[in-house]
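Novice: One structure is given below, represented as structure tokens, and several questions about it will come after.
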Amino acid sequence: MENIIRFWEEEDGIGVVELILILVVLIGLVLIFKDSLRKLVKEIFDTITKGATEVSTAD
């Protein structure tokens, strides 16, 4: 009986399960919003490229 109580109170594996669930949710969100994320990243890189071009031509 004591072994069952000790097993029930042991929570070492909970961290791994939580980590896996968080990763599954994040991957799911990325798959759902894939097109929006791709557009956002493209706009950010276009802005960075434009800013770098303006800095290099200012010299």
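Novice: What is the sum of charges around Ile48, taking Lys and Arg as +1, Asp and Glu as -1, for the other residues whose C-beta is under 12 Å from the C-beta of Ile48?
Specialist: Net of charged neighbours comes to -1.
Novice: Residue farthest toward the positive end of the dipole of the stretch 1-57, with Cβ of Lys/Arg at +1 and Asp/Glu at -1: which of Phe45, Ile22, Ile4?
Specialist: Phe45
Every number here is computed from the coordinates shown, using simple stated rules; none is lab data. Nothing here was measured: the structure is a model prediction, and the numbers come from that model. Virtual Cβ from ideal backbone geometry, glycine too; neighbours counted across all protein chains shown.
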